[in-house]
Each structure stands twice: as structure tokens, then as C-alpha cells.
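Some notes on the structure that comes next.
We did not get these values from a lab; they are worked out from the coordinates using the rules stated. Computed from a predicted structure; not experimentally measured. For neighbour counting, all protein chains shown are included, and Cβ atoms are generated from backbone atoms with ideal geometry for every residue, glycine included.
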Amino acid sequence: MSLLADLFTVAAVTLGLVFFVAGTVGIIRFPDSLSRLHALTKADNLGLGFIVLGLLPQCAGVFDALKLLFIWLLVQFAGATGAQLVARVLRREERP
Amino acid sequence: MTTPLALPFPADTTPGGFLLVLAILVPIIGILLIWTLGSRRTELVALTTLAIGAAIALAILTELTGTGSAVIYLVGGWRPPLGLALRADGLSVVLIVLTAIVIGAVGIFAKGQFGYDPDAPEKRAPTVFWTLLLGISGALNLIFLGDDLFNLFVAIELVTFTAVPLVCLDGKAETMRAALRYLLFALLGSVMYLLGVALIYSGYGTLDIALLKSVARVEPLLFIAIALMTVGLLAKTALFPLHIWLPAAHAGAPAAASAVLSALVVKGSFFIILRLWFDILPAEATGLGAQMLAGLGALAILFGSVIAICQARLKLLIAYSTVAQIGYLFLMFPLATGSEATPAFASIAWTGGILQLASHAFAKAAMFLAAGLVYDAFGHDRISGLAGAGRVIPITFIAFGLGGMSLMGLPPSGGFSAKWLMLNASVGEGQWWWAAVILCGGLLAAGYVFRVLVPAMARPLARIKVKGPVSRRRELVALALAIMALLIGFVPLEPAPLLGIGRGAEAGLLVPGGLAP
Amino acid sequence: MTETAFFDTLLVVTMIGLAIWMIVVRDVFAAIIGFMAFGLLLSLVWLRIEAPDVGLTEIAVGGGATGVMLLRARGLASAGDAMNAVPSVPFRVLVGVLAGAVALFLGALVVFPPAVAPTLAPLAAEHLASTGVGNPITAVLMAYRAFDTFLETVVVLLALIGVWSLTPDGAWGARPRVASADVPAPLLLLAQWLVPLGIVIGIYITWVGADEPGGKFQGATILAAMWMLVMMAGLRSAPALSSRRLRIALVVGPAIFIAIGVSGFHFAGAFLAYPDGLAKPLILAIEAGLLISIAAMLGMLLAGPPLEGDRP
């Protein structure tokens, strides 16, 4: 059981890291700001999501697991808002 | 690798110890009251707080001279190295009383200034001024009483955040620039000090100065820590060449604030340097460093005085004179050398240095207040436009002149006694070159003081234009401070016994193996 | 090389690189973002040397509040050209020499490390029981060196008064302006949903500080951030400098600290000593007061002083 949980953790965290690396490459390589923003939020959503998912089996109790999920939700919320705000500024700068 | 910690602090709270807590706490309570009671009572609260503070300072002095030993308080009952101790010896009590007198006098001077009106809605300048004045008094008391290096860090932070806003109280762009520069120097100084504190803690596991004295070893860690802290504190004390923030800051502040900044605030950081060098560093380790500090002091004396002579504005002249007078303080380091028989604090140079500190505080406060009155009377402080000014406001110029007398070192004045003791010490120690600097500095000081006084007292060719009346109360405050600078010249020209209280015998208790109640 | 050594090296190299970049980069905005990232990396260093309390504070204050303050200062200053001013050459040389000397000194200590490294940690743990709290950091901050903590809050209060002293005379007593003219809808949504959660988290971090990493400074920073969010979204305007409620919020913490400290003279034999058995509730009372006061101080520091043209 614990071996299975460990394998799951390794797999999920690795997948999360893949998303972070892809997101980082995207930020550096994508040509325009909106695409870069897209890469950033993807890394936040899926990358952190998979890492949290992978860590869930390692939690000591339900409360700890809930805290982890809560952190992910907060990052989603803040990330989405931040991306929206940055995008607004970009659009405003393009217009004139 | 672990080693035993420093021995626990060897003394308990003494009967009058609670006074030390009050000396720090009362001004803070005053600040909290000013910000909650509303503008109607601002001046009343501030002046009452200063009066109580002065009473506490006198009570500590009485307690100390009565028992003949240090007054100690262990905060929270926790014994260093775990807890914090407050400790007043003869030196600290002299500085606490000095601070109480000068800040009290400045308080009386500043009553009714900055457009304060108890019946009007709260105004910015008076509220901020009185808050910061109380803040400085509490912070300086903490510097003089703190026995823990981190506690002292908090104290110098308090000083920074109370002194800097005073510089730009008038809100002009020019003074804001001066304040910002002061802030940068002060913060850089704080960072370097804190770095040294961290090093000392990592090496000795305690920050209590009394305990450090017994465990400090002659080793790179201690040297580097003390060097960092000293340079940081020098930036705050404005010793040449780190003085470049001082003239604009001290000249730009309102007169009442300049008096406190020049007379007291720069002495706070100097006091900590004094404690680092004489109370922590082993005596055999100070030789070269002491000569370097005094060398910078000598440069400050010569450079500051010459630049002061060239100034066109009175307040800048006084500010550059501060740069010079700070230099004298650093002559203490090579001259106050102790020996087996007589410790450093029993030397004439030690008494001379402290006399210089006190007489400069009184004289400089009097001169800055006088400069403020000159501004009130004539609307400017250009020295070229002050011919005959002394005949309009004679008391103000007498105060300026008496203060100047002390700076020059003419007898009888505190400045004379201080410089005489230092001259004797430099001859006695065989370091005649400092004597030459002291004499030169006196002549240069005469140059910049008489440059203002002679035309001011002369009969003018044309009538000088008077802008407004000058308050007699304010003139008398300036005069009283100048007279104080003279009066302390009457102390006997020998090592002062008061300065030795709480130093010799107790320091012996801290030698490992000598732990006794 | 072990994994942790590899990680540490990576961390240190990244931080040094980031620090150099912050100095070299021309754009002030970029430098501030770099500074905030530096704060986050530094908090990882604190975690690595097992100082989670400091790490939390570093994130909250070094990475968060200070960065926001710098960004706001830049926003205000960019109106003039103060941000483009480059310090004079002598000044830069002076700073360079000083920084170089410090680095040299510290480098020398790596070559000549101190012979011994005594620590007070066992002593602090030994007396932990009598303080009633389980986190030795909290015992240091609220019992052994409570006086320092008290004075530090006075430092923050005086810093706020220093910032307020820059108010133009006519604007004294006015409300600082924080909200922009048009508030973006996503920001409004964030303020409405995040703030209640943030308040809970701020109080929680203060509460657990008694026994685990956390405490009032970190909690108050979160509360101040939430308050700032509310003000930026225009849900509430900043309080007027003359507001009686604001003034009381600012002084309540230090006042409770003084009251309990002074009653220690009588009931526990020393200033800032706690009577037996009452230590924990008294410490909690002080922390509750400080949470309010520090949050108010930080919030108003972030809001800044009223500007020219504001009227009370």
C-alpha cells in the first residue's frame, strides 16, 4: 500500500514538474505577452495541481490534506486574478 | 563543538532599579497619550512627560550617588544571557541627566511653536514635533541604560525613526533631500551594527555587555564584529569622512530640533562606540584602532572648523562646528588608556572626553536655539546681513557668544576644562601630536565664532531691518543652556569620581571564578 | 554531492545572481520584482537552516509587504523623474567600498571561523514550561526578551508617524488615497472572496504561534494585506489620519503591553514578568492587542500619507 502511494506521489509530482518546466520554457520562448501569461497560468494550475495531488497520500491526516487543497485553491484564485489584471494592462497598452 | 555559556549575570535587580524602566517607558506613554487625547492636550502631555522624565533622571542620580554602586534592573526577572538587563553606572547617569536638561530646555523653548493652538484642530508640525521629541528622550535613555547589544540595536532604530523626520519637519524639498540622505546613512549604519551583533552572538552566545567583557577573546571574529559595528555607528555619529549628511540635515531642521540633533542624538551612537571599545574589547587589542579613530577625529577638527569659517549661513556654520567638535570626542580612544593601577575611566582623558561631550551639548544647543531666534528676528540667517544684530537681541548673542567660548576652550568654561584635561593627557601619554590638533582646533573655533560675533556686536553702518519680535522666554532658555556650558567648567580638573561609580569593583566580579554576590 | 547540498548550492547561486541582477538592471520596476523574488528565495534559506518562524516573516514582510511598499513608492515617484535619478559617482563608489569591505570581513570569517559556537537554545528550552507557551521563539519574543518586542512595535509606530509627517500641511487629518479611479472587476471579486479567508488565516497564524511557527507579526502582515486589498478595490476607503478609531487601533497593542508589563511590578515582582500560571493568557492578550495594532500600522504604512490636494 505504502509502496503504491509512494509510486503515485513520484509519478504525480514528476508530472507537475513537467508542467512547471514547460511553463517556464513558455515564458521564456513565447513571442507575445498574452501567450506567456497563458504559459504561466498553466504551470500554476496543472503543475501545482499535480504536485498537491501527489502529496495527498503522504499527508498525516485529513486536516493536512485539506490544507494542501486549500493552498491550491488560493493559488488558483490569486493566479487567475493576477493574470486578468496583467491582461487588462496589456490590452490598454495595445489600443492607442 | 559546544562550550559552556558565559556565566549568568552576576548581579540582581537593585532597590531603585525600577527607575530605569520608567526612564524608558514614561516618554513612550506620553507618545501614546498624544496620539489618543487629541490636539487640545498635546503640549501639556509632552511638557508634563518631560518634567516627569527629568525627575526620574534626578532620582536615578540620587540612587546612584547614595549607594555608590550601579543601579541594575533585570527585565521580566530573566537573568542575562537569557534575559535583558538595564544598568546605570556613573557615566550613563551623567548622560541621562544631561539629556533630561537639554530636552527639557528645548521643550520650554518650543512651547507655542509650529503654529500650535490648543483650540484649533490638530496640526501636523506640532503633533509630530512633540511626538518625536519624546521619542528621542526615551530612545536615548535606552541607549544609555541598555546592557544588551540587540536591545541597543532597537534603541538606535528608535533614534533613527525619531531623528530623521525632525530634519524635514518644514516639508520643503531641500530639507527632504537632507533627511533622505541622513536616513540612508543611518540605515546603512544600522545594518552594519546588526551584522556585528549577529557575529558576536554566534561567537559568544550572549549579547550582554557585562558578560561579554568576561568572555571576549582577542580573535578575528571579535575584531571584525566590532569593526563593522564601529563603522556603522560612526556613520550615525557623523565622524569625518562619514559626516557628509550632517550639515544639511542639522542646518535644515527647525532650531529646536537642530539643538537636540546636534547636542544629543550624535552622542547616542558615540556612547555605544565607547562601550564597545572600553567595555568589551580587551584593553591590549585597541592600540592601532584607537590611533585611527583619533586620526579621523583630528581630521574632523581641522576640516570641520575650516569649512565652518567659510560658511555664509549661520546655521550651516554651527552645523560644521558640530562636525569639528565631534572630532574631539574620538581623542579619548588613544588618550584614555588604562593601566593595571588606574583603569581607563579613572584617567584624566576620560573625564576630559565626557566633559567635552557635555559642554558641547549645552553650548551647541544654546547656539542652535540662538540661531533660531536670529531667524525669528530678522527673517534670515545670512552672516553678512547680521551686522549690528547683537544690539537688537543682545541676550541671544550673549548666549551664542558664551556657547562659542566653550567651543573655543576659553576659561572658565566646560570646553576649556575638557580641552585642558585632554591636552594634559596627550602630553602625559607622550602623544604630543594630539595636543597640536587641540590647540589648532581652538584657534579655528575662535575664527568662526568671532566671525559672527564681532560684526554682530559692532555699531552698524545702516540700521538692520527687524522682522518680528523675539520671545524673551526663548532667549532666556538659550542663555541658560550657554551658562550651563560655562558652569560645568568649574568641576575640579581631575578624574571625576562620579564617572567611576559602578565600573571598577563590579567589573572585577565578572572575572571567571570571581563570581560573588 | 548529496541532494541537499546540490539544492543549497542551486539556491545560493540563484540568489547571488538575482542580487547582482537587481543592482545592474536599469528598470526600477524590474528591480522591485527581483527584490520580492529574492525575499521568497531567502525564506527558503531560513527553512533550510530550520528557522521556519523567520522564514514566514521573510515571506510576509521581505517578500510581500516591503515589495508592495516599494511598488507604491515607485507609483508615486514616477510622476516626477526621481526614479530616473542616478546617484552621484562618489556616492556609488562609497557604497561600493563599504559593501566590499563588509564582504571582505565576512569572507575573512569563513577563513578564520570562530573556535566555538555556544548557543542559548538549551537554556531557552529549559525555562519554556514557566512561560506557558510551546514555541521557544515565542518564549523569547514574549517572555525572555519581551522588552525588545515591545520596543520594536514602538519602532513601527514611530516609522508610521515619520511617514505621516510627510503629509502636506493642508492635508493633515485627511484619508490617504488608495483606490484607483476605475477598479478592475477581477480585483473586486478577489477582494470580496479572499478577504474573509485571509482574515481567518491571519488570526490562525497568530494563534498557532504560541506552540508552532507563526505569530503576531506574520499574522498582522496578512491582515494588513487583506485590508490593503479592500482599500485598493474601493470597498472601503482608508481611514482618516484623524480618525479616533484608527488612533485607538494603533495604540491598543502597546498600551496593553505596558499595562500588563507594569502590573508585573506588583503581581510578579518585575516589569514584564507574568504571575505563575497566568503567563499564557496574558501573552495571548498582548498578542491579540499587538495583532490589531501592527496590522493597523502596516496597513497605514502601505496606504502612505495623504497627498497634496487631499482635504480632511
Exercise. In the protein assembly as shown, with Lys and Arg counted as +1 and Asp and Glu as -1 at Cβ, which of these residues, A:ALA12, B:LEU98, A:PRO57, has the Cα nearest the positive end of the dipole, that is, farthest along it?
Worked result: B:LEU98
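Would you mind ranking B:THR351, B:THR127, A:THR41 so that the residue whose beta carbon has the fewest other beta carbons within 10 Å leads the list? Intermediate results must be reported in sequence, preceding the final value.
On the way: B:THR351 28, B:THR127 24, A:THR41 18.
Least to most surrounded, the residues fall as A:THR41, B:THR127, B:THR351.
Please sort through the DSSP H helices of chain C and keep those with an alpha-carbon extent of at least 24 Å along the long axis and a Kyte-Doolittle average not below 1.6. Present the calculation step by step, with values, prior to reporting the outcome.
Numbers: long enough: C:3-24 (31 Å, 1.82); C:28-48 (30 Å, 2.15); C:89-111 (32 Å, 2.34); C:146-164 (27 Å, 1.89); C:185-208 (34 Å, 1.90); C:244-267 (32 Å, 1.32); C:279-303 (35 Å, 1.94).
Sorted by number, the helices that extend far enough and score high enough are C:3-24, C:28-48, C:89-111, C:146-164, C:185-208, C:279-303.
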For this session: Quick one: which residues, 5+ away or cross-chain, put their amide H under 5 Å from the amide H of B:LEU84? H built at 1.01 Å from N.
Result: B:VAL75, B:TRP78
Exercise. Measuring from centroid to centroid over Cα atoms, what is the spacing of segment B:406-469 and segment B:302-324 in Å?
Worked result: 12
Problem set entry | Alpha-carbon Rg/Rh ratio, for segment C:134-195, with Rh computed the Kirkwood way | 1.21
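Placing unit charges on C-beta atoms (Lys and Arg positive, Asp and Glu negative, everything else neutral), compute the dipole magnitude of segment A:2-94 about its Cα centre in debye, rounded to 20. Mind showing how you got there, number by number?
Working: 7 positive and 6 negative charges, 51 e Å.
Its charge dipole is roughly 240 debye.
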Exercise. By how many nm would the segment from B:CYS310 to B:LEU487 grow when fully extended, if each residue of separation counts as 0.36 nm and the alpha-carbon distance is taken off?
Worked result: 60.7 nm
For this session: Would you tell me the mean number of C-beta atoms belonging to other protein chains that fall within 10 Å of each C-beta in B:71-77, as a whole number?
Result: 6
Problem set entry | Reference-scaled alpha-carbon Rg (2.2 N^0.38 Å with N residues) for the protein assembly as shown | 0.99
Problem set entry | Positive dipole terminus of chain B, leading residue within B:LEU296, B:PHE271, B:LEU281 (C-beta point charges) | B:LEU296
Exercise. Among C:ALA288, C:ALA181, C:ALA233, which one moves the most in a GNM of chain C with springs linking Cα atoms closer than 10 Å?
Worked result: C:ALA181
For this session: Under 17 Å Cα to Cα from C:LYS216, which lysines show up? Leave out anything in the same chain fewer than 8 places away.
Result: C:LYS280
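Taking the Cα centre as origin and putting +1 on Lys and Arg beta-carbons and -1 on Asp and Glu beta-carbons, what dipole magnitude results for chain B, to the nearest 20 debye?
Working: 30 positive and 23 negative charges, 400 e Å.
Dipole magnitude for chain B comes out near 1920 debye.
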For this session: Report the label-to-label distance for A:VAL62 and C:ASP211 in nanometres (one decimal), using points 7 Å from each Cα along the Cα→Cβ vector.
Result: 2.0
Exercise. Under a straight-distance cross-link criterion of Cα-Cα below 20 Å, which aspartates and glutamates are reachable from A:LYS42, leaving out those fewer than 8 residues away in the same chain?
Worked result: A:ASP32
Seminar exercise, completed: Highest GNM mean-square fluctuation among C:LEU76, C:LEU284, C:LEU301, for chain C with Cα springs under 10 Å, belongs to C:LEU76
Seminar exercise, completed: Expected sort for B:GLU157, C:GLU152, A:GLU94 with the fewest Cβ neighbours (10 Å cutoff) up front is A:GLU94, C:GLU152, B:GLU157
For this session: Treating the angle as unsigned and between 0 and 90°, give the value, to the nearest 10°, between the Cα long axis of helix A:2-29 and the longest Cα principal axis of chain A.
Result: 10
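Mind checking the full-extension length gain between B:ILE108 and B:VAL466? Use 0.36 nm per residue of separation minus the Cα-Cα distance, one decimal, nm.
Difference between extended and current length: 126.5 nm.
Just to be sure I follow: if Rg is taken over the C-alpha atoms of segment B:93-243 and Rh is the Kirkwood radius over the same atoms, what is Rg/Rh?
Taking Rg over the Kirkwood Rh, I get 1.06.
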Exercise. Expressed in nm to one decimal, what extension gain is obtained for the pair C:VAL183 and C:LEU11 from 0.36 nm per residue of sequence separation less their Cα-Cα distance?
Worked result: 58.1 nm
Problem set entry | Highest-fluctuation residue, C:LEU123, C:LEU197, C:LEU94 considered, GNM on chain C with Cα pairs under 10 Å | C:LEU94
Seminar exercise, completed: Among B:LYS236/B:LYS267; B:LYS172/B:LYS315; B:LYS267/B:LYS364; B:LYS172/B:LYS467; B:LYS123/B:LYS467, the pairs whose Cα-Cα distance exceeds 19 Å are B:LYS172/B:LYS467; B:LYS123/B:LYS467
Exercise. What aspartates and glutamates sit close enough to B:LYS465 to cross-link, taking a C-alpha to C-alpha distance under 14 Å and skipping anything fewer than 8 places away on the same chain?
Worked result: B:ASP376, B:ASP381
Problem set entry | Furthest towards positive pole of dipole, B:ALA399, C:THR119, B:THR131, structure part the protein assembly as shown, Cβ charges | B:ALA399
Problem set entry | P(r) of chain C over all Cα-Cα pairs, binned every 10 Å from zero, in whole percent | 5, 20, 29, 26, 16, 4, 0
Problem set entry | Long-range amide H partners of B:GLU219 with built H, under 5 Å | none
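How would you rank B:32-41, B:444-453, B:69-78, highest first, on the average number of other Cβ atoms within 10 Å across their residues?
Details: B:32-41: 18.0, B:444-453: 20.9, B:69-78: 23.3.
Output ranking for B:32-41, B:444-453, B:69-78: B:69-78, B:444-453, B:32-41.
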Seminar exercise, completed: Distance in Å, no decimals, from the C-alpha centre of segment C:276-312 to the one of segment A:25-48 is 39
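Rank the residues C:HIS266, B:HIS360 as a footprinting-exposure proxy: fewest other Cβ atoms within 10 Å of their Cβ go first. The partial results should precede the final answer.
Values: C:HIS266 8, B:HIS360 28.
If I rank by nearby Cβ atoms, fewest first, I get C:HIS266, B:HIS360.
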For this session: Run the quick spin-label model on B:ASP119 and B:THR62: label points 7 Å from Cα toward the beta carbon, then report their separation in nm to one decimal.
Result: 4.0
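Quick one: dipole size for the protein assembly as shown, taken about the Cα centre, charges +1 on Lys/Arg Cβ and -1 on Asp/Glu Cβ, in debye to the nearest 20.
Numbers: 53 positive and 47 negative charges, 666 e Å.
Using only the charged Cβ atoms, the result is roughly 3200 debye.
With the contact rule set at Cα under 8 Å and sequence spacing of 6 or more, what percent relative contact order holds for chain B? It would help to have the intermediate numbers written out before the result.
Values: 942 pairs, mean separation 81.7, N = 517.
Here the relative contact order equals 16 percent.
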For this session: Grab the eigenvalues of the alpha-carbon gyration tensor for segment C:1-158, scale each by 5, take roots, and send me the semi-axes largest first in whole angstrom.
Result: 33, 23, 18
